[in-house]
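Visitor: Please see the structure below; I have some questions.
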Amino acid sequence: MPTTDTAEKRLEAACAAAGLKVSVVVTDNRVRLVSAKRADAGYELRVAAPVLELGGEAEEALVDWLAGTADGRARLRAIVSRVPPRAPRRPRKTRIETLGLHHDLHAIAEAERRRYFPDVPPIPITWGAARRAHRRRRSIRLGSYDVKRAVVRIHRDLDHPRVPSWFIGFVVYHELLHHVMRAPDGGPLRHHTREFRAREAQHHLFREAIGWERAHLQLLLSGRL
């Protein structure tokens, strides 16, 4: 298998022998493996490294394609089809951070789980990403449930001394309810169905939590809590 540098020089030399002025740029682009554009009375040819690694056959197909031969495009397509797909990336490991400046998510989540879902094993819970400089928002997502990773995230703005822990507990309960009511076959998450809303209203502080959120919504949106 030729090195990328060697293959690049050989390709430029092959193009020159065919009367083509070509500057080769090797890329790691797996979406567009080959492209060319006019540059300095010639071409700038951008080729993904895996194409060049196929050797002389790939170089000949690229030259024919640039030269516009009758079967150049078809030959190049056949070569490109042999490039193996990129191995799927491993999903990034979720960073779990439960201890905030003012509230401990682990303690809050365990209290909610033991009270309402004692037969459900604990699942990871974490504060969301560090907040950026505040801009006026039209909505705020206080919590979320990642159905693929089975992780609950709570908005970091709730880690504030003026936010009561019982309200965070209700938000956690809401997200745990998504976990409990997810499709049994691991299918897509079913959102706020009538059944979901009925079970949500069973929380012992449901009315208080809804009232607190409405009373403080504008402060939550502005980040001035």
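Coordinate-derived values only; no laboratory data. Every value quoted in this text rests on a predicted model; they were computed, and no experiment measured them. Methodologically, a virtual Cβ is constructed for each residue, glycine included, from the backbone with ideal geometry; neighbour enumeration extends over all protein chains shown.
Visitor: What nm value, rounded to one decimal, do you get for the distance between Gln202 and Arg182 when each label is placed 7 Å out toward the C-beta?
Guide: About 2.0 nm, to one decimal.
Visitor: Find the centroid of the Cα atoms in the range 137-161 and in the range 24-87, then give the distance between the two in whole Å.
Guide: Computed from Cα coordinates, the inter-centre distance equals 46 Å.
Visitor: Cα-based count: Lys pairs in the chain below 25 Å, eight or more positions apart or different chains?
Guide: Close lysine pairs under the 25 Å cut-off: 4.
Visitor: On to the next question. Given the convex hull over the Cα atoms of the chain, what projected area results after averaging over all orientations, in nm²?
Guide: With the hull built on Cα positions only, its mean projection is 19.6 nm².
Visitor: In addition: Given that compact globular proteins tend to follow 2.2 N^0.38 Å, what is the ratio of the alpha-carbon Rg of the range 4-80 to that value?
Guide: In units of the globular-protein estimate, the range 4-80 measures up at 0.97.
Visitor: Once you put a point 7 Å from the Cα of Ala39 and another 7 Å from the Cα of Asp146, both along the Cβ direction, what distance in nm separates them?
Guide: Distance between the two pseudo-spin positions: 3.9 nm.
Visitor: In the chain, what percentage of the DSSP-assigned beta bridges are antiparallel, given to the nearest 5?
Guide: Here the antiparallel bridges make up roughly 55 percent for the chain.
Visitor: Taking every DSSP beta bridge that has both residues in the range 1-103, what percent is antiparallel when rounded to the nearest 5?
Guide: Bridges in the range 1-103 are about 50 percent antiparallel.
Visitor: Could you state the orientation-averaged shadow area of the convex hull built on the Cα atoms of the range 105-222, in nm² to one decimal? Display every interim value, and only then the final one.
Guide: Values: hull surface 31.0 nm².
Taking the Cα atoms of the range 105-222, their convex hull projects to 7.8 nm² on average.
Visitor: Something else: Set the Förster distance to 30 Å, then compute FRET efficiency between His160 and Thr193 from the Cβ-Cβ distance, nearest 0.05.
Guide: 0.45
Visitor: Run the helix sum for the chain: -39,500 (n - 2.57) per DSSP H stretch of 4+ residues, divided by residue count, reported at 222 nm to the nearest 500 deg cm²/dmol. Can you show the working numbers first?
Guide: Working: 8 runs with 91 residues, N = 225.
One gets -12500 deg cm²/dmol as the mean residue ellipticity at 222 nm.
Visitor: I'd like to verify something in the chain: which complete DSSP H helices, judged by Cα projection on the helix axis, reach 18 Å or more and average at least 1.0 on the Kyte-Doolittle scale?
Guide: Helices passing the filter in the chain: none found.
Visitor: Can you tell me the relative contact order of the chain? Whole percent, Cα pairs under 8 Å, sequence separation 6 or more. Write out the running numbers ahead of the final one.
Guide: Numbers: 273 pairs, mean separation 29.1, N = 225.
Worked out over the chain, it gives 13 percent.
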